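A quick write-up on the structure given underneath.
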Amino acid sequence: MSWLDFFRTRKQADPPSASQAKERLQIVLAHERIGRTREDFLPRLQQELVAVVARYVAIDPGKVNINLDRGGDMSTLEIEIELPGPPQEVKLQRAAAAG
Amino acid sequence: MAQVIVVTSGKGGVGKTTTSAAFATGLALRGKKTVVIDFDVGLRNLDLIMGVERRVVFDIVNVIQGEARLNQALIRDKRVDTLSILPASQTRDKDALTKEGVQKVIEELSADFDYILCDSPAGIEKGALLALYFADQAIVVTNPEVSSVRDSDRILGVLQSKSKRSEEKREKVKEHLLVTRFDPVRAERGEMLKLEDVREILAIPLLGVVPESESVLRASNTGTPVIMDRESVAGQAYSDAVGRFLGEELPHRFLEPERKGGLFKRLFGGRAA
């Protein structure tokens, strides 16, 4: 590294990372502290949601995707349930009716 | 069949989680389908080091207790698409992990992954024993410091007596030594155990030496595995170690103190990248 590099690297230096560390900790700890006084509801929430949907549509429990993004002010819970296509007989009946 | 690798040390704070995150990412960056499991139930931290703490929905305990499917608990890394993370539970106690449960998880993962990395908790209690039980290979993370070397020796004994391979009298767990937080300047001054001392005492093949580096704290602050910081000596040292693990012949680097450059370097350039 020459003395010229000294000025260059200083200019390009990333912003200090400690502020990111603090922000990440504040978010994760806020969520964990709530969790300490309340039982983890996600497994039950998932089971109940799947049960409700299954009352109407035959679904494969393996095709349920759950994504969570915990934020400072707001979190999002994304539940993706893949619904099967219409059953084979229905397709055949439709084909027969159309024909 | 996947290879199961435990990252262990006995002693806490030597860099197991940093190593697990870096190594798993390094294997995945080389195209290997890799999953890294946090075995530290109750004190999970791998999620933070990997930067996925906001996306944890389910964990290994949920899977073992049948509350979630394995693919629902796996977190796909957004930077490297061949990498997944299976977090530990933060709320349950360590008894929630069972040998049968862990075996089922590992068997299921074996079908989809090339490498399963197990990030062990410190100590030699249940979580640590389960983390190493199914291992084919072990990365023993050691600092050049007396208590760390002693605890590494202890954990090597445990690997040779309490792993599944030892119980079944199969070929023993392949051991690799990874020395972390090495400071070549202090070692040269005689203030720190030399690399040769550590190698001589533990007498297992050396996989790599990761020098003490500011980039490790920066990586943890931002939730980016340090191996992704290609400018940093620690990142490069981890990258070399992954290469050696996969059979490449790479010389060990960063073992000698950097020779002083000119006046400006001495004044301003003294900090490790």
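The values are calculated or read from the model by the stated rules, or taken from the named source; none is laboratory data. Predicted model only: the values in this text are computed from it and were never measured. Virtual Cβ from ideal backbone geometry, glycine too; neighbours counted across all protein chains shown. To get the accessible areas, we keep the full protein, side chains included, count just its heavy atoms, and leave off ligands, DNA and RNA. Shrake-Rupley method; radii C 1.70, N 1.55, O 1.52, S 1.80 Å.
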field: Candidate residues B:Leu48, B:Leu250: accessible-area rank, largest first, probe 1.4 Å
entry: B:Leu250, B:Leu48
statement: If each K or R counts +1 and each D or E counts -1, the residues other than B:Thr17 whose Cβ falls under 12 Å of its Cβ total -2
- request: Two decimals is fine: what is log10 I(q)/I(0) at q = 0.10, 0.16 Å⁻¹ for chain B, from a Debye sum with one equal scatterer on every Cα and no solvent?
  value: -0.48, -1.22
field: Cα-based radius of gyration of segment B:67-221 once divided by 2.2 N^0.38 Å, which approximates compact folds
entry: 1.18
message: Counting C-alpha atoms alone, how compact is segment B:19-63: give Rg to one decimal and Dmax as a whole number, in angstrom.
response: 11.2, 32
- request: Measure up B:Lys32/B:Lys162; B:Lys99/B:Lys164; B:Lys99/B:Lys126 against 18 Å on the Cα-Cα distance and list the ones that go over.
  value: B:Lys32/B:Lys162
task: Pop out the Kirkwood hydrodynamic radius of the protein assembly as shown from its pairwise C-alpha distances, inverse of mean 1/r, in Å to one decimal.
output: 22.6
Prolate/oblate/rounded label for segment B:116-173 (Cα gyration tensor, a/c 1.5): prolate
query: What net charge do the residues around B:Glu107 carry, taking every other residue with its C-beta under 13 Å from that of B:Glu107, with Lys and Arg at +1 and Asp and Glu at -1?
result: 0
query: Across 5 Å bins from 0, what is the distribution of all Cα-Cα pair distances for segment B:1-118, in whole percents?
result: 2, 12, 24, 26, 22, 11, 2, 0
- request: Let me know the Kirkwood hydrodynamic radius for segment B:156-256, please, with Cα pairs as the basis and the value in Å to one decimal.
  value: 15.2
- prompt: In whole Hz, what ³J(HN,Hα) sequence does segment B:164-175 give by Karplus (6.51, -1.76, 1.60; θ = phi - 60°), x for Gly and Pro?
  reply: 4, 4, 6, 5, 8, 6, 8, 3, 6, 4, 6, 9
field: Sum of -39500 (n - 2.57) over DSSP H runs of 4+, divided by residues of chain B (222 nm, nearest 500)
entry: -11500 deg cm²/dmol
Accessible surface ranking that places the most exposed of B:Arg186, B:Arg154 first, with a 1.4 angstrom probe: B:Arg154, B:Arg186
query: Taking GluC sites (Glu not before Pro) that fall in a DSSP loop and have at most 13 other Cβ atoms within 10 Å as cut points, what is the longest piece of chain B between them?
result: B:1-124
statement: With all protein chains present, chain B has a carbon and sulfur share of its accessible area (1.4 Å probe) in percent of 48
task: Would you mind working out the accessible area per residue for the protein assembly as shown, using a 1.4 Å probe, and quoting it in Å²?
output: 54
message: As a test, work out the antiparallel percent of DSSP beta bridges whose residues both lie in chain B, rounded to the nearest 5.
response: 5
